[in-house]
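Chemist: The structure is given below, and queries will be raised subsequently.
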Amino acid sequence: MKFTTPVVIGLEIHIELDTESKMFCGCPRSGDDTPNSRTCPICLGHPGSKPVLNKKAVEYGIKLALATKSKIAKELIFSRKSYFYPDMAKNYQISQYEVPLAEKGKITLPNKKIVNLTRIHLEEDPASLVHPAGMQSSSYVLVDYNRSGDPLAEVVTEPDMTSPEEARDFMRQLITILEYLEIFDINNCIIKADANISIKESGYIRSEIKNITGFKDIEKALNYEIQRQRKEVAEGKTLKMQTRSWDASTGTTHLLRTKETEADYGYIIDPDLVKIDLDKSWIDKIQATMPELAEAKLEKFTKEHGLSEEMAKILSKDKKLALMFEEVAVAVNPDLAAKWIRRELPRVLNYSKKTLEDTGIEAIHLIDLLKLIESKTITEKIGQKIIERLVEKTFDVKAYVEKEGLAAVSDKGIIEKFCKEAIKENPKAVDDIKAGNEKSINFLVGQVMRKSKGKAVPDEVQKILKDLIK
Amino acid sequence: MNAKEIIKQAKELDKEYLFFNKIVEDPKVYGEGTLSGTAISVKDCVVVKGVESRAGSKILENYIPLFDATVIEKIKAEGGMIIGKTAQDAFGFGSFATNVGIGMKVPLNPFDKERSCGGSSGGSAGITQKATFNHISIAESTGGSIVCPASFCGVVGICPTYGRVSRYGLMDYANSLDKIGAMAKTIEEIALIMRIIAGHDPRDSTSLDKPVPNYSESIKKPIKGMKIGMIKEAFGEGLDKEVKDNVKQAIKRLESQGAKVEEVSLPLTSKYALECYYLIAMAEASTNLAKYCGMRYGAEEKVEGSFNEYFSKVRSQYFNAESKRRIIIGTFARMAGYRDAYYLKAMKVRTKIIEEYKKVFKKFDALICPTMPVIAPKFTEIEKLTPMQNYMMDILTVGPNLAGLPHITIPSGTKDKMPIGTMLIGDHLAEDKLMQIGAKLKAN
């Protein structure tokens, strides 16, 4: 391939799929974290044990292939990738080689750039190694087989990215897709990237950085590596192909080994697993369950609902909020809906450390609430208070407003009375306003709002105050 | 005989003939059924819960499996009593049960202790011949490891269709070739045990989901009008003359009962099966043996140096010469640059060989030939064989094994008091026909 850009980046991303059980045995994929508690003769590689494929993992892989418009293989074939390592139960990994699950997909970045996917394949995770005294200074390692046999989807990109920012955006887009497909849970699944990076100055001699977790670290690791490579070249050194590790705690990469030749994994087709037809009817069935993805939602939000590009981007990134928005926006003004779903809802959720599912809040609650605001039956202030209570426990919003007498005060006499009191109690603020300090009026509005327990309409209060002070 | 007496006899025989790698001191009976009162010996490579299982290799010293192979579960449920693990070439790598693990015993032929039992399921064949108690042995074949020793020891041995019997719990030699089968003195016992161990197992993805016939009924059926193909190439060069004459007599016996026997040629199989078999078997074996590295079970050493140094030390010390030879050849055959020429080419040839057999089975109910080209050789003769001559011993048995076809050996006579076996090969899942014909084959 002929490169021209200052920086060339390609990624290999390992995604742990959010299945109940492991890839080739019945052990739970997540749960008890006591070392080696979620194991059996199969994921421990005991002699005589045999793998049996978890179809759910295949289904998840197919979903990812469909979402990235990849070409899906006709048959699912697993191979043995042989190499010796202490984290390998069998000293071979069941993976895919000649024929991956899918090829030639693509993911579009926010800047509309297309990153091509070479392949998507399925494989089992090795065990995890625990270095009791840190990676560099431990004299021994412990092996925990809880992770051994977890289902992974590996996504390999073409070297299409030209900056660390693009790599970061790619990871973000990928995670959004995974979350929309509900095949990955960021809270209990691991996503790791190996990044290949080279620069023009060296003639594109690439290094591979292993095991980068999280999209923020991708950007940091790649930025560090660009600086390191440029420095080496500037010092007159000749770069060699090498594999490096990323140390997130120090923000640096370290040499693991220089690559003289490509490793030879001696692949053979795994004779314990039969070939599985990926027939059209199965794929069609999965296709029918595919949700509308973020990209489509973004377009819909701007074109159909008239949201700003920025608002639409933020809403479409989070599947749950996006779905909530779609339901609410048919009943109330889309801008109002967007504002509340994008800002107020996440605010109170964050504050109470809850997720949307924890609360039981549904579209109907927000529709009722926003309709009351839209019709000025309640003030936004009261709206905020109601949503705070909804997060604790849901209830019928309309009935609640009536029962608690929360409707906005529309009796001008009462508001005027509160305004007069506020003016009397705060002579300094009144002087400031008269001296031309317009901002002090907000202070007085706040006082009136407090007196009305939030039920006064701020715009009206301000108007009355101005009239009275004039 | 009660359990105590059975174990006493097994131990006495073992002392004299070295048939066992492990004898169960206090054997238990778990269920009740058609195997009640039958002692079952098990080739070392089939795991039995709680009983040291080594696949004949020192590298699995002290490995006590945590689970039963599916066949063992089925046997236990039917009342079979597991009495021990039988001697074999380590991991099944051999034709004479002489490639045993370092420091382990070579079983001796029941008819002449200077001769081999055959391999790799040598111990199974020997004890099957010598036991006077009700006994069936569970054996395993990758390239001929059931019928070869059964023939040399004068017992009936069946290797079923690939996938007919679950491999769950079988320590793998070459997964696409391994089959669990059985040995017994009579074909009636073979019919009985096959009915129990055959059938689908969701724990083995390659297991076939096909109904299991009542083989005990099959063996009673007449063979009049059945068509049997006599494999032309198997009666050619390299075949012992007395073995040839004996098998021809056996064929006559079948003809006298109304079977129609015709000569048939398998040119492709005869020419390429052996090479093709060894390439695939060794390539798969070299990956299967990777897990034995002294880390999780079996033999271990003082942990020193890097993991690479440690694994190499354990593997160098505990694998025997033949295991190392097959790991090295197998690894070579699947290396980049050689894969296409060896491993992948062999896979393609295998498909062609299967096609050749399938074509023949359109016309014939079974094929017939000698099981082994010679009678059991003396240990002194075996020592002189080169590895290549050793592999040549499997010339007649690798074909059906490579194609996953069921085959059975029936004792059909003797030469110098040593047994001769005649082999019948059937189409996929045609075990019933093999037993039907086999029942008529035995010398009177």
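The values are calculated or read from the model by the stated rules, or taken from the named source; none is laboratory data. What you see is a predicted model, and the numbers here were worked out from it, not measured in a lab. With ideal geometry, Cβ positions are generated from the backbone for all residues, glycine too; neighbour counts draw on all protein chains shown.
Chemist: Exactly one of (1) within 14 Å of another protein chain (Cβ to nearest Cβ); (2) among the aliphatic types (A, V, I, L, M); (3) touching a residue at least 12 places away in the same chain (Cβ under 8 Å) is unmet by A:Ile286. Its number?
Modeler: Condition (1) is where A:Ile286 drops out.
Chemist: So is B:Leu108 touching a helix residue (DSSP H, G or I) at 6+ places or on another chain (Cβ under 9 Å) and within 14 Å of another protein chain (Cβ to nearest Cβ) or not?
Modeler: No: the conditions fail for B:Leu108.
Chemist: Among the numbered criteria (1) modelled with pLDDT under 90; (2) surrounded by 18 or more Cβ atoms within 10 Å (Cβ to Cβ); (3) of a type in the set (Asp, Glu), which single criterion is violated by A:Asp270?
Modeler: The single condition A:Asp270 does not satisfy is (1).
Chemist: Kindly establish whether B:Leu424 is in a strand (DSSP E or B) and surrounded by 18 or more Cβ atoms within 10 Å (Cβ to Cβ).
Modeler: When the stated conditions are applied, B:Leu424 passes them.
Chemist: Another question, if that's okay. Looking only at the stretch B:1-56, how many residues end up being within 21 Å of B:Phe93 (Cβ to Cβ), hydroxyl-bearing (Ser, Thr, Tyr) and out of contact with any Pro (no Cβ under 8 Å at 6 or more places or on another chain)?
Modeler: The number of residues fulfilling the criteria is 1.
Chemist: So which of B:Ile83, B:Ile72, B:Ile64 ends up being more than 14 Å from chain A (Cβ to nearest Cβ) and either over 13 Å from the mean Cα position of the chain (by Cα) or at pLDDT below 95 (or both)?
Modeler: Result: B:Ile83 is the single residue among B:Ile83, B:Ile72, B:Ile64 that is more than 14 Å from chain A (Cβ to nearest Cβ) and either over 13 Å from the mean Cα position of the chain (by Cα) or at pLDDT below 95 (or both).
Chemist: If you scan the stretch B:162-179, which residues turn out to be closer than 16 Å to B:Leu434 by Cβ and aliphatic (A, V, I, L, M)?
Modeler: B:Val165, the sole residue that qualifies.
Chemist: Next up: Quick one: in the stretch A:139-188, of everything that is outside any strand (DSSP E or B) and of a type in the set (Gly, Ala, Ser), which residue is modelled with the lowest pLDDT?
Modeler: Only one residue tops the list, namely A:Ser139.
Chemist: If only one of A:Ala263, A:Ala294 is out of contact with any Cys (no Cβ under 6 Å at 6 or more places or on another chain), among the hydrophobic types (A, V, I, L, M, F, W, C) and more than 14 Å from every other protein chain (Cβ to nearest Cβ), which one is it?
Modeler: Answer to the check: A:Ala294.
Chemist: For the condition modelled with pLDDT under 95 and more than 21 Å from B:Ile353 (Cβ to Cβ), what is the one hit in B:Asp209, B:Asp240?
Modeler: From the options B:Asp209, B:Asp240, the qualifying one is B:Asp240.
Chemist: Going residue by residue through the stretch A:355-362, is there one that turns out to be touching an Asp or Glu at 6+ places or on another chain (Cβ under 7 Å) and outside the structural domain of A:Val457 (by TED's automatic domain parsing)?
Modeler: For the stretch A:355-362, residues touching an Asp or Glu at 6+ places or on another chain (Cβ under 7 Å) and outside the structural domain of A:Val457 (by TED's automatic domain parsing): absent.
Chemist: Separate question: Looking at A:Lys22, A:Lys2 in this structure, which one is of a type in the set (Lys, Arg), surrounded by 21 or more Cβ atoms within 10 Å (Cβ to Cβ) and out of contact with any strand residue (DSSP E or B) (no Cβ under 6 Å at 6 or more places or on another chain)?
Modeler: Checking each option against the conditions leaves just A:Lys22.
Chemist: Related question: Scan (1) surrounded by fewer than 18 Cβ atoms within 10 Å (Cβ to Cβ); (2) small (Gly, Ala, Ser); (3) within 29 Å of the chain's Cα centre (by Cα) for the single condition A:Ala234 breaks and write down its number.
Modeler: (3)
Chemist: Continuing with the same structure: Residues in the stretch A:355-377: is at least one of a type in the set (D, E, K, R), free of Cβ contacts under 8 Å to residues at least 40 places away in the same chain, in a helix (DSSP H, G or I) and within 26 Å of A:Asp185 (Cα to Cα)?
Modeler: The answer is yes, given that some residue of the stretch A:355-377 is of a type in the set (D, E, K, R), free of Cβ contacts under 8 Å to residues at least 40 places away in the same chain, in a helix (DSSP H, G or I) and within 26 Å of A:Asp185 (Cα to Cα).
Chemist: Out of (1) aliphatic (A, V, I, L, M); (2) in contact with a strand residue (DSSP E or B) (Cβ under 8 Å, 6 or more places away or on another chain); (3) more than 12 Å from chain A (Cβ to nearest Cβ), the odd one out for B:Ala290 is which?
Modeler: Unmet for B:Ala290, out of (1) aliphatic (A, V, I, L, M); (2) in contact with a strand residue (DSSP E or B) (Cβ under 8 Å, 6 or more places away or on another chain); (3) more than 12 Å from chain A (Cβ to nearest Cβ): (3).
Chemist: Shifting gears a bit: For the stretch A:1-114, please list each of the strands (runs of 3 or more DSSP E) lying entirely inside it that holds at least 1 residues being more than 25 Å from A:Met290 (Cα to Cα).
Modeler: A:7-16, A:79-82, A:92-95
Chemist: Restricting to the stretch A:268-283, give me the number of residues that are within 14 Å of chain B (Cβ to nearest Cβ) and touching a helix residue (DSSP H, G or I) at 6+ places or on another chain (Cβ under 9 Å).
Modeler: Number of matching residues: 5.
Chemist: Please determine whether any residue of the stretch B:278-296 is assigned to a strand (DSSP E or B), touching a helix residue (DSSP H, G or I) at 6+ places or on another chain (Cβ under 6 Å) and either surrounded by 20 or more Cβ atoms within 10 Å (Cβ to Cβ) or of a type in the set (A, V, I, L, M) (or both).
Modeler: Within the stretch B:278-296, none of the residues are assigned to a strand (DSSP E or B), touching a helix residue (DSSP H, G or I) at 6+ places or on another chain (Cβ under 6 Å) and either surrounded by 20 or more Cβ atoms within 10 Å (Cβ to Cβ) or of a type in the set (A, V, I, L, M) (or both).
Chemist: Scan the stretch B:25-49 residue by residue and report those that are within 12 Å of chain A (Cβ to nearest Cβ) and either part of a loop (DSSP other than H, G, I, E, B) or more than 16 Å from B:Gly181 (Cβ to Cβ) (or both).
Modeler: Of everything in the stretch B:25-49, those that are within 12 Å of chain A (Cβ to nearest Cβ) and either part of a loop (DSSP other than H, G, I, E, B) or more than 16 Å from B:Gly181 (Cβ to Cβ) (or both) turn out to be B:Asp44, B:Cys45, B:Val47, B:Val48, B:Lys49.
Chemist: Need the failing condition index for B:Glu431 against (1) within 20 Å of B:Lys244 (Cβ to Cβ); (2) at pLDDT 95 or above, just the number.
Modeler: (1)
Chemist: Still on this model: I need every pair where a residue in the stretch A:122-142 that is loosely packed, with under 12 Cβ neighbours inside 10 Å has its Cβ under 7 Å from the Cβ of a residue that is of a type outside the set (Val, Ile, Thr), sequence separation at least 6 or different chains.
Modeler: Listed pairs, sorted by first residue: A:Pro132/A:Ser138; A:Pro132/A:Leu142.
Chemist: In the stretch A:325-354, how many residues are outside any helix (DSSP H, G or I) and touching a Phe, Trp or Tyr at 6+ places or on another chain (Cβ under 8 Å)?
Modeler: Qualifying residue count, the stretch A:325-354: 0.
Chemist: Got a sec? Which of A:Ala296, A:Ala312, A:Ala263 is of a type in the set (A, V, I, L, M, F, W, C), without any contact (Cβ under 8 Å) to a residue 12 or more places away in the chain and out of contact with any Gly (no Cβ under 6 Å at 6 or more places or on another chain)?
Modeler: Sole residue among the options that is of a type in the set (A, V, I, L, M, F, W, C), without any contact (Cβ under 8 Å) to a residue 12 or more places away in the chain and out of contact with any Gly (no Cβ under 6 Å at 6 or more places or on another chain): A:Ala296.
Chemist: I would also like to ask the following. Checking B:Gln317 against (1) among the polar types (S, T, N, Q); (2) closer than 19 Å to A:Ala263 by Cβ; (3) more than 10 Å from every other protein chain (Cβ to nearest Cβ), which single condition isn't satisfied?
Modeler: Every condition holds for B:Gln317 apart from (2).
Chemist: Still on this structure: Just to be sure, is B:Ala346 within 13 Å of another protein chain (Cβ to nearest Cβ) and either surrounded by fewer than 18 Cβ atoms within 10 Å (Cβ to Cβ) or not in a helix (DSSP H, G or I) (or both)?
Modeler: no
Chemist: To continue, here is another question. Collect the residues in the stretch B:143-176 that are within 14 Å of another protein chain (Cβ to nearest Cβ), among the aromatic types (Phe, Trp, Tyr) and in contact with a Cys (Cβ under 9 Å, 6 or more places away or on another chain), keeping them in residue-number order.
Modeler: Listed by number, the list holds a single entry, B:Tyr173.
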